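S.K.: This is the structure, below, for whatever I ask next.
The values are calculated or read from the model by the stated rules, or taken from the named source; none is laboratory data. Please read all numbers here as calculations on a predicted model, not as lab measurements. Neighbour counts are summed over all protein chains in view; Cβ atoms, including those assigned to glycine, are modelled from backbone coordinates with ideal geometry.
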């Protein structure tokens, strides 16, 4: 038995909110320009340049969807918690960028898009999302490729990246816990069920896929999360182990 469909009649507010936040995400993607300084070769830099064009096109498409669903043309600011979770790490280490922004961050976005494609009863919305999803898959694939190359045979890098994944997973779990009751009160029964199921299903799927990508068991570890977050924030000396030397252009 499939999920109940979301419609403009009953779920306009939720859809407008989602598209507004997707616009935020595309604008953080414009900061790929900073990551160009970390690109290890011309091929990677060229991919980032093309991705920036993708992000601009996507932002315009999401703006169209927002205007199509929203009661007001003014896009509301993002809640502080979501802003912190969505904050990009572009301009930092190349391996971190490709893993967090592309292999992990865009995977969450794609999962939500695929859920909407399956459940929204509106051809215009679905067609726009399908077009954007095609680009997102290429961004994720690039992130996976660069992550695998960056990890190499390093056990430390596997440990470090899984710790960073646990940080993102914890943040999203906390965000869902804090907003779950509001979701149930504010949106339709179908929308509340969709968001609850999405978080549970997508979280489990992403956990499996990221564990496979990094090459580690899919398990929680608070001390690993803490240590890796500490390295990420203050750049301990062992951070040199993460750096890839830039290839000659």
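S.K.: Since residue 154 meets every condition but one in (1) within 15 Å of the chain's Cα centre (by Cα); (2) at pLDDT below 95, which condition does it not meet?
M.R.: All conditions are met except number (1).
S.K.: Among the numbered criteria (1) surrounded by 14 or more Cβ atoms within 10 Å (Cβ to Cβ); (2) within 30 Å of residue 11 (Cβ to Cβ); (3) at pLDDT 90 or above; (4) over 19 Å from the mean Cα position of the chain (by Cα), which single criterion is violated by residue 67?
M.R.: The one condition residue 67 does not meet is (1).
S.K.: Answer with yes or no whether residue 33 is within 28 Å of residue 208 (Cα to Cα), out of contact with any strand residue (DSSP E or B) (no Cβ under 6 Å at 6 or more places or on another chain) and at pLDDT below 90.
M.R.: Here the answer is no, as residue 33 does not meet what is asked.
S.K.: Continuing with the same structure: How many residues, within segment 24-43, are in contact with a helix residue (DSSP H, G or I) (Cβ under 7 Å, 6 or more places away or on another chain) and surrounded by fewer than 20 Cβ atoms within 10 Å (Cβ to Cβ)?
M.R.: 7
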